[in-house]
1. Determine if region 146-153 includes at least one residue that is hydroxyl-bearing (Ser, Thr, Tyr), in contact with a strand residue (DSSP E or B) (Cβ under 6 Å, 6 or more places away or on another chain) and modelled with pLDDT under 95.
2. If ASP161 meets every condition in (1) open to solvent by 50 Å² or more (accessible area, probe 1.4 Å); (2) in contact (Cβ under 8 Å) with a residue 40 or more places away in the chain; (3) of a type in the set (Asp, Glu) apart from one, which number is that one?
3. May I ask you to verify whether ALA137 is over 20 Å from VAL295 (Cβ atoms), over 17 Å from the mean Cα position of the chain (by Cα) and of a type in the set (Gly, Ala, Ser)?
4. Is region 226-233 home to any residue that is open to solvent by 60 Å² or more (accessible area, probe 1.4 Å), part of a strand (DSSP E or B), of a type in the set (D, E, K, R) and farther than 24 Å from MET62 by Cβ?
5. From the residues in region 115-134 that are of a type in the set (Val, Ile, Thr) and surrounded by fewer than 24 Cβ atoms within 10 Å (Cβ to Cβ), which one is farthest from the chain's Cα centre (by Cα)?
6. Cβ-Cβ distance below 6 Å, separation of 6 or more or different chains: which pairs start in region 315-338 with a residue that is closer than 30 Å to HIS112 by Cβ and open to solvent by less than 80 Å² (accessible area, probe 1.4 Å) and end on one that is at pLDDT below 90 and among the acidic types (Asp, Glu)?
7. Pick out the one residue from ALA299, ALA282 that is closer than 30 Å to PHE32 by Cβ and either open to solvent by 30 Å² or more (accessible area, probe 1.4 Å) or in contact (Cβ under 8 Å) with a residue 24 or more places away in the chain (or both).
8. State whether one or more residues within region 258-266 are under 23 Å from LEU182 (Cα atoms) and part of a strand (DSSP E or B).
Amino acid sequence: MIAERQNIFELVAAVDVDPKKLGKDAGEVFDFDKVGVKVSDDIDAALKLPADIVLDFCPTEMDKQGTFMPSAIRLAKSLDAGKNVITTIPVYHVQDSQPEVYEYLNEHAKAHNVAFVPFGLLPGDYASYIPLVLAGAMGHVDKIVVQSGEDDWHNTSGWVDVFSYGGDINKYPKPDSDEDLLAKFIYAYYSSGVYEMADRIGLKYDTFKPEHEVFTAPKDLETIKGTVKKGSIYAHRFTMALYNGNEQVAALRYVHKVDNKETPELPINNTIHIEGLPSVDAQIDGLIPEREGYVSSAAPAVNLIPSILETDKTGYVEVCDLPVVIARPLDIGAKKLV
């Protein structure tokens, strides 16, 4: 995405810890055209280079208290180098939920006159930025429900193992119990988007009610990591909702499962439903592409770069407080990435 927008972007460094990537051209790593920048594992050297933005797509780190402070400490290294930072790490709308993380990042960014902006897919672009933009066409809003999910049948990432696909449901922790660490992580990761939707629009709420449901496979299912046997764990549905009394006012439902084509009875629908005057229903197809699964997380961050550089805001900044995010023109003659 950066390479095909060379009329407005210039890549100056690429950092990774994977020894298979080190020394290779950053474009070549992904079978794209070479971009003239070799992958390095020296973050200190990279941060000394003249640059406006650091895009941080590192794994999320949490402490024993469930906060993202370990990630915040690492992110501050780029801020202290005088670089604006965009990250997909979910330190998103954490002013109330993790105020110590918010203050830490805000102070480091302001101290160096730069902006720290968290913006990925979820939380971020799909929930809650797009719903809030859609709600801008409405006279009033009563309720927002965002639904999404991903099909992990082809996912080779190690973190997918946390879903215990193919495992014995009788040996799995009782959903939403103290032992259900997966649910706690998911809620910490995604729920900030639900709060931002309600807070930005002014929806009143008094209770946060999460729910974790675990499902067993109706038949044998094939995945890239092996067979998920009938009767074993094949899906999770997480619901994070805000209520005003007994009325649900904002919610995100997220499904993790394997083989959505073979098991459509627990659908993965990328839909946004907004009740009010008028009501709005939107659907996004291919939100998480199978071949390029992380494109929809990276694209919002790349498209956000000009919005940051066109503002004078510093400190911890939220995307809704910046110029609108759009896909900037491609470089004329650039080869389209597929």
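1. Start the filter on region 146-153 by keeping residues that are hydroxyl-bearing (Ser, Thr, Tyr), which leaves 148.
With the extra rule that they be in contact with a strand residue (DSSP E or B) (Cβ under 6 Å, 6 or more places away or on another chain), the set shrinks to 148.
Then keep just the ones that are modelled with pLDDT under 95; that gives 148.
Checking region 146-153: at least one residue is hydroxyl-bearing (Ser, Thr, Tyr), in contact with a strand residue (DSSP E or B) (Cβ under 6 Å, 6 or more places away or on another chain) and modelled with pLDDT under 95.
2. That leaves (2) as the condition not met.
3. Details: over 20 Å from VAL295 (Cβ atoms): yes; over 17 Å from the mean Cα position of the chain (by Cα): yes; of a type in the set (Gly, Ala, Ser): yes.
So ALA137 fits the description; yes.
4. So in region 226-233, the residues open to solvent by 60 Å² or more (accessible area, probe 1.4 Å) come out as 227, 229-230.
Then keep just the ones that are part of a strand (DSSP E or B); that gives 227.
Next, from what is left, pick out any that are of a type in the set (D, E, K, R): none.
Within region 226-233, none of the residues are open to solvent by 60 Å² or more (accessible area, probe 1.4 Å), part of a strand (DSSP E or B), of a type in the set (D, E, K, R) and farther than 24 Å from MET62 by Cβ.
5. Quick first cut of region 115-134, residues of a type in the set (Val, Ile, Thr) only: 117, 130, 133.
Then drop every residue that is not surrounded by fewer than 24 Cβ atoms within 10 Å (Cβ to Cβ), which leaves 130, 133.
Numbers: ILE130: 13, VAL133: 18 Å.
Filtering first and then ranking leaves VAL133.
6. PRO323/GLU310
7. On the way: ALA282 fails: closer than 30 Å to PHE32 by Cβ.
Exactly one of ALA299, ALA282 is closer than 30 Å to PHE32 by Cβ and either open to solvent by 30 Å² or more (accessible area, probe 1.4 Å) or in contact (Cβ under 8 Å) with a residue 24 or more places away in the chain (or both), namely ALA299.
8. no
The values are calculated or read from the model by the stated rules, or taken from the named source; none is laboratory data. Nothing here was measured: the structure is a model prediction, and the numbers come from that model. With ideal geometry, Cβ positions are generated from the backbone for all residues, glycine too; neighbour counts draw on all protein chains shown. Protein only, heavy atoms only, side chains kept; ligands, DNA and RNA dropped before computing areas. Shrake-Rupley method; radii C 1.70, N 1.55, O 1.52, S 1.80 Å.
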